[in-house]
1. Could you figure out which of (1) more than 8 Å from every other protein chain (Cβ to nearest Cβ); (2) open to solvent by less than 40 Å² (accessible area, probe 1.4 Å) isn't true of B:ARG62?
2. Can you tell me which residue in the stretch A:158-187 is farthest from the chain's Cα centre (by Cα), limited to those that are within 11 Å of chain B (Cβ to nearest Cβ) and open to solvent by 60 Å² or more (accessible area, probe 1.4 Å)?
3. Could you grab the pairs with beta carbons closer than 6 Å, sequence gap of 6+ or different chains, first residue in the stretch A:191-208 and over 20 Å from A:LYS29 (Cα atoms), second one acidic (Asp, Glu)?
4. Residues in the stretch A:98-109 that are in contact (Cβ under 8 Å) with a residue 40 or more places away in the chain and more than 9 Å from chain B (Cβ to nearest Cβ): how many?
5. What is the number of the single condition among (1) modelled with pLDDT of 95 or more; (2) open to solvent by 90 Å² or more (accessible area, probe 1.4 Å); (3) away from chain A (no Cβ under 11 Å) that B:GLN104 does not meet?
6. Check A:SER112, A:SER66, A:SER58 and return the single one that is open to solvent by less than 10 Å² (accessible area, probe 1.4 Å) and more than 8 Å from chain B (Cβ to nearest Cβ).
7. Pick out the one residue from A:SER79, A:SER38 that is surrounded by 15 or more Cβ atoms within 10 Å (Cβ to Cβ) and either more than 10 Å from chain B (Cβ to nearest Cβ) or under 17 Å from the mean Cα position of the chain (by Cα) (or both).
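The values are calculated or read from the model by the stated rules, or taken from the named source; none is laboratory data. Computed from a predicted model, the values in this text were never measured in an experiment. Cβ placement follows ideal geometry from the backbone for every residue including glycine, while neighbour counts extend to all protein chains displayed. SASA here: full protein model, heavy atoms, side chains in, ligands and nucleic acids out. Shrake-Rupley method; radii C 1.70, N 1.55, O 1.52, S 1.80 Å.
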Amino acid sequence: MRTFPNYTMDQTKQEEECGGLCALGPYAKLLLGAMKNSGCKVFKERHFSCEDCSGTVSGGFDAASSQIVLCQNNIHQQSHMNRVVTHELIHSFDHCRAHVDWFNNLRHLACSEIRAANLSGDCSFINEVSRLNFGLKEHHQECVRGRALRSILAVRKISREEAEKIVDEVFDSCFNDHAPFGRIPHSKEDAKFAYRDYMNKDRYYANL
Amino acid sequence: MMRNFNEVVSKPPRVCEDYWTEFRHCKSLRNRFHHYYTYGAMPSCQQWNEDHNNCKQWEMHRSPEAKEALQKSERNRVAEQKNFTPVWQLRQEPPRDWHMPLNQEKPQDS
């Protein structure tokens, strides 16, 4: 069972910035920075909850309480935890920067699920192969569609056909919305480049 | 040295080194693989190289053509990132209850 890194006496400024969550990797670091910038600073104690969950669910974002739920009984590896946190932080980020109607608007829900599958590393080639999904050319998009569909069907009582239709409707828009990364981060290296761009954004926009 | 605060000193949007590292990253085998896996095609990387050259010209020779070309290229990139119709409306302010303390109820799984 993975736990959050503990605070140490000689915390770096970066650790302070992340609220002790930097060890979750460059994807999380960027999302935490972007959320802080949008007025939603994330506090470990307030915005994360580790619980036992039913089924095989790894985590979720609860908009009603502004909390990320991590299913401690279903997460057994650090890399998996990092990915779940990234996925849920993307939902939190969407909640923070947009009027997302999680409960009544299926298009909004679908959009955030598409983005989370697209940008979190959920659909990396390696992860797909480990799920025995062997695809190459444009397989990333297929995976994003499939996982968004799964996520929607897990939380809403609608038919598969209806869910597919909604995903199709919003796919182009949401697949191309790469905020706050500015690109689809396929690897930690991509995420580090994205983080570099993010830290440079003031200079960037001032000199266009 | 007296500083003239009215003078706007423009500089490239990124440090020139960043264009070079992006170019190399773009051309890497790993990135080419990821691009094919996502879009079914090879990435186009030459623009990063051009941007790097223009950046150097701007920095070293204050070339107005290089500056113009580089800024145009970057504005293009920004436009490409915005090339979609959002599904939702963006907020003017963060959600009011983001920082509110939790009540007694246990949150549900979403």
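1. That leaves (2) as the condition not met.
2. A:GLU169
3. Within 6 Å, the pairs are A:LEU208/B:GLU74.
4. Count: 3.
5. All conditions are met except number (1).
6. A:SER112
7. When all the criteria are applied, what remains is A:SER38.
Here's the yes/no breakdown for (1) of a type in the set (Phe, Trp, Tyr); (2) out of contact with any helix residue (DSSP H, G or I) (no Cβ under 6 Å at 6 or more places or on another chain):
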position: A:GLY121; (1), (2): no, no
position: A:LEU149; (1), (2): no, no
position: A:GLU161; (1), (2): no, yes
position: A:ILE166; (1), (2): no, no
position: A:SER173; (1), (2): no, yes
position: A:ALA179; (1), (2): no, yes
position: A:GLU189; (1), (2): no, yes
position: A:PHE193; (1), (2): yes, yes
position: A:MET199; (1), (2): no, yes
